[in-house]
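Asks: Take a look at the following structure, please.
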Amino acid sequence: MASKTAQKRLLLLMPTTTYRAEPFLEAAQRLGLDVIVGSDRCHRLADYWHIPLALKFRDPDRAVLDIIRSAQEQPVHAIVPVDDRTTVIAARASAALGLPHNSAEAADAARNKRRMRELVTAAGVRCPAFAVVESRDEARLAASRVAYPCVLKPLLLSASRGVIRADTPDEFVAAFDRIQRILFHSPDLPSSPDPDSTRILVEQFIPGREVAVEGLLTGGRLRVLAVFDKPDPLDGPFFEETIYVTPSRLPQSVQDAIIACTSQAARAIGLSEGPVHAELRVNETGPWIIEVAGRSIGGLCSRTLRFGLGITLEELILRHAFGLEVDHLQRQGEASGVMMIPVPATGILKGVEGVANAKAVPGIEDVQITAKPGQMLVPLPEGASYPGFIFARGKTPGFVEKALRRAHRRLRFDIVPQLPVAGGG
């Protein structure tokens, strides 16, 4: 494997706060790749943190120029982004360097909820009816006209941050005010002026089950890697995701409709290369597109997927980026799942008890507590991270789901109540 990629250099774009660094770096090592890590650690600390290329992700124009300058001295053969913030930078830099890539317009549309919905609606793909509001006066007017229930969400944030359901005009205005406070304090938005940084999407609430699709695009063709069920109801008022289980237990005809809807949405947006992660709602009328992202599944959730003889999702993505064969690598047959552990309360984490007992539950592969003692924990909609992850594997999706729930019940979080900074996560 390494011989096929000898002398090949990879640029990984990843925030210093990402969970994905280790899996991608391990995958690159297995493939024998020379790796440059482009990250948002400041230049003063770049050498200390062993990051060869310090980039300002909040200034995409500068980040792209810095990548181009770096590539003149250290040519790269592929650029892989690992989160939403880096997808547009990767697309623009890849275009400038003549590397395979999604168009910058497609990458931007996949990150911008307004633009994504405009494109999929124009293509006839089913998605919620929506509008955009910017000011409190607009919010008050919209609150008197919108059909309830509805959902308000920021245009440029991810991971359910700032997503709030409203059932009345008063709840609508309160949700708008709360999201504006979150946006004001968010470090994830571009530093350059962007009207969509402060605009808020209002969309029809779609009842039904929620699912996720993990896929890989090659020349616009979607290869589905997994369809995940989300067995917990996601009805609001906030939308904290918890359990993902694959394979889906939905009828094959429903899964086929989900896959077709995802493929049509990706095509409408213009995505053509690399990983895609889609979120959909499914009810008696069929599947509805909620989100389509031009990157792989977040957090540590990729650990649920294995291909061929133990190949990880990250290795599959890197193989694709370097033009290596991936079509013959099928997902391993056992059911698998992950629980993104919900934040139990706002406050300072002192410690977690019961991890060993949780790991002892049959079917549990691992329990990873990623939050550190002394860390501030903040639930959604303000929060931006989970305190940890539980992984399970077994013969059936039902067995996996039960194992995850049993393990979670054995955990005890010792949290000192404390108010977070206003709007912060």
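Asks: Rounded if a/c is under 1.5, else prolate if a/b is larger than b/c, else oblate: which is the chain, with a ≥ b ≥ c the root eigenvalues of its Cα gyration tensor?
Replies: It comes out rounded by the Cα gyration axes.
Asks: Let me ask something else about it. Where in the stretch 298-329 does the label zone of GLN29 land, with the point 7 angstrom along Cα→C-beta and an amide N cut-off under 17 Å?
Replies: Residues 311-316, 318 qualify, since their backbone N sits under 17 Å from the label point.
Asks: Under a Cβ-only charge scheme (Lys and Arg +1, Asp and Glu -1), can you give me the dipole magnitude of the chain about the Cα centre, in debye to the nearest 20?
Replies: Magnitude of the dipole: close to 600 debye.
Asks: Based solely on its DSSP helices, what 222 nm [θ] is calculated for the chain when runs of n ≥ 4 H residues each add -39,500 (n - 2.57) and the sum is averaged over all residues, nearest 500 deg cm²/dmol?
Replies: -9000 deg cm²/dmol
Asks: Sorting check: for 111-117, 342-348, which peptide has the highest mean count of neighbouring beta carbons within 10 Å, and how do the rest follow?
Replies: 111-117, 342-348
Asks: Picking from ILE243, ALA131, ALA96, whose Cα lies most toward the positive end of the charge dipole for the chain (charges on Cβ: Lys, Arg +1; Asp, Glu -1)?
Replies: Comparing the listed Cα positions along the dipole, ILE243 ranks first.
Asks: Modelled label-to-label distance, ALA21 and ALA356, 7 Å Cα→beta-carbon offset: nm?
Replies: A separation of 3.0 nm, rounded to one decimal place.
Asks: Could I ask something else about it? Along Cα→Cβ, 7 Å out, is where each label goes; now give me the distance between the ones at ASP232 and ALA174 in nm to one decimal.
Replies: Reported label-point gap for ASP232 and ALA174 is 2.2 nm.
Asks: Still on this structure, please answer the following. Between LYS395 and ASP366, what length comes free when the chain is fully extended (0.36 nm per residue of separation minus the Cα-Cα distance, one decimal in nm)?
Replies: 8.8 nm
Asks: Next question. Based on other C-beta atoms within 10 Å, arrange VAL367, VAL338, VAL76 from fewest to most.
Replies: With the sparsest Cβ surroundings first, the list reads VAL76, VAL367, VAL338.
Asks: Sorting VAL202, VAL146 on the 10 Å Cβ count, fewest up front, what's the list?
Replies: VAL146, VAL202
Asks: If you don't mind, another one. Can you classify the stretch 150-272 as rounded, prolate or oblate using the Cα gyration tensor, where a ≥ b ≥ c are the square roots of its eigenvalues, rounded means a/c under 1.5, and otherwise it's prolate if a/b beats b/c and oblate if not?
Replies: It is oblate, given that a/c is not under 1.5 and a/b is not larger than b/c.
Asks: Quick one: Debye curve from the alpha-carbon atoms of the stretch 238-338 only, equal weights, vacuum; give me log10 I(q)/I(0) at q = 0.11, 0.12, 0.21 Å⁻¹ to two decimals.
Replies: -0.38, -0.45, -1.42
Asks: When the chain is fully extended, how far beyond the present Cα-Cα distance does GLN375 get from THR346, taking 0.36 nm per residue of separation?
Replies: Separation in residues times 0.36 nm, less the Cα-Cα distance, equals 9.4 nm.
Asks: So what is the relative contact order for the chain, in percent, with contacts set as C-alpha pairs under 8 Å and at least six apart?
Replies: 14 percent
Asks: Still on this structure: Select from MET340, PRO207, ALA147 the residue farthest towards the positive end of the dipole of the chain; place +1 on Cβ of Lys and Arg, -1 on Cβ of Asp and Glu, and compute about the Cα centre.
Replies: With unit charges placed on the Cβ atoms, the residue in question is MET340.
Asks: Pairs LYS350/LYS402; LYS56/LYS359; LYS8/LYS395; LYS153/LYS372; LYS153/LYS359; LYS230/LYS350: which are spaced more than 32 Å apart, C-alpha to C-alpha?
Replies: Too far apart for the 32 Å limit: LYS56/LYS359; LYS8/LYS395; LYS153/LYS359.
Every read-out reported here was derived from the displayed coordinates using simple, explicitly stated rules and does not represent laboratory data. Only a predicted model underlies this, so the values are computations on that prediction, with no experimental measurement involved. As a convention, Cβ positions derive from the backbone with ideal geometry for all residues, glycine included, and neighbour counts pool all protein chains shown.
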